[in-house]
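*Asks:* Could you have a look at this structure, given as structure tokens, before my questions?
The values are calculated or read from the model by the stated rules, or taken from the named source; none is laboratory data. Just so it is clear, the structure is predicted and the values come from calculations on it, not from any experiment. No Cβ is skipped: glycine too gets one built from the backbone with ideal geometry, and neighbour counts run over all protein chains shown.
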Amino acid sequence: MSLPQKQHQVLISVADQKMRVYDEQGMCLGSYPISTSKFGLGSELGSHKTPLGKLKIAKKIGHGAESGTVFSSRKPTGEILKPNSPGRDPIVTRILWLKGVEPHNKNTFRRYIYIHGTPEERKIGSAASYGCIRMKSKHIITFFDQVAQGTQVTIFPESFLEHQAKLNEKA
């Protein structure tokens, strides 16, 4: 297990439906399939869209909770769900609450946008959420332990290859 480092950086590609975690030297520590919003991209209140741009992890919730632990209002309910359990689609396992750091996404915290576990693991890899970034429970546990509160998260619409090409053009 990696010790949390504030210098870590998280990049999320909506086109690829993947998230990567990098250490302070730029070494990739992990790549995870994710699910972004089925309502598209944006920061409008009530839109259920996934915000774009630079954000940070404002709060980490659920340390030590059993995989599949159901959370309501960021508190464990005592219920445990297995992956792909039929029925509801609650937040499970861990919650990393995001805060926008740019003018266009500054309402992210107030919109309750998280990176969290989902029991609907079969939908990971496609846009299926209500604005949050969803992960498989086994992946959110690993990711939770890799990053610290304050870690920078960047969400962009293009693929990782296109994003890197844009960065190279600016350099």
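*Asks:* Sort out for me the strands (runs of 3 or more DSSP E) sitting completely within region 8-52 that have 1 or more residues that are among the basic types (Lys, Arg).
*Replies:* Passing ranges, in order: 18-22.
*Asks:* Hey, does region 121-130 have a residue that's farther than 20 Å from residue 158 by Cβ and in a strand (DSSP E or B)?
*Replies:* No, region 121-130 contains no residue that is farther than 20 Å from residue 158 by Cβ and in a strand (DSSP E or B).
*Asks:* When you scan region 39-71, how many residues do you find that are without any contact (Cβ under 8 Å) to a residue 40 or more places away in the chain and among the aliphatic types (A, V, I, L, M)?
*Replies:* 3
*Asks:* Sort through 113, 91 and tell me the only one that's over 19 Å from residue 66 (Cα atoms), of a type in the set (Val, Ile, Thr) and modelled with pLDDT of 95 or more.
*Replies:* 113 is the lone residue from the list that is over 19 Å from residue 66 (Cα atoms), of a type in the set (Val, Ile, Thr) and modelled with pLDDT of 95 or more.
*Asks:* Can you tell me which of 133, 140 is surrounded by 20 or more Cβ atoms within 10 Å (Cβ to Cβ), of a type in the set (A, V, I, L, M) and farther than 16 Å from residue 63 by Cα?
*Replies:* Being surrounded by 20 or more Cβ atoms within 10 Å (Cβ to Cβ), of a type in the set (A, V, I, L, M) and farther than 16 Å from residue 63 by Cα holds for just one of 133, 140, which is 133.
*Asks:* Only one of these is over 24 Å from residue 26 (Cβ atoms) and aromatic (Phe, Trp, Tyr): 109, 144, 156. Name it. First the steps, then the outcome.
*Replies:* On the way: 144 fails: over 24 Å from residue 26 (Cβ atoms); 156 fails: over 24 Å from residue 26 (Cβ atoms).
One residue alone meets the criteria, 109.
*Asks:* Of the residues 61, 91, which single one is farther than 21 Å from residue 13 by Cβ and in contact with a Phe, Trp or Tyr (Cβ under 6 Å, 6 or more places away or on another chain)?
*Replies:* One residue alone meets the criteria, 91.
*Asks:* Considering only residues of region 143-165 that are under 22 Å from residue 42 (Cα atoms), hydrophobic (A, V, I, L, M, F, W, C) and within 12 Å of the chain's Cα centre (by Cα), which is surrounded by the fewest Cβ atoms within 10 Å (Cβ to Cβ)?
*Replies:* Per the stated criteria, the residue is 155.
*Asks:* Given the criteria in contact with a strand residue (DSSP E or B) (Cβ under 6 Å, 6 or more places away or on another chain), buried (at least 19 other Cβ atoms within 10 Å of the Cβ) and within 23 Å of residue 163 (Cβ to Cβ), does residue 41 qualify? Steps first, please.
*Replies:* Details: in contact with a strand residue (DSSP E or B) (Cβ under 6 Å, 6 or more places away or on another chain): yes; buried (at least 19 other Cβ atoms within 10 Å of the Cβ): no; within 23 Å of residue 163 (Cβ to Cβ): yes.
No; evaluated as a whole, the condition is false for this residue.
*Asks:* Continuing with this model, one more query. Residues being touching a helix residue (DSSP H, G or I) at 6+ places or on another chain (Cβ under 8 Å) and either aromatic (Phe, Trp, Tyr) or part of a loop (DSSP other than H, G, I, E, B) (or both): count how many of those fall in region 84-117.
*Replies:* Number of matching residues: 1.
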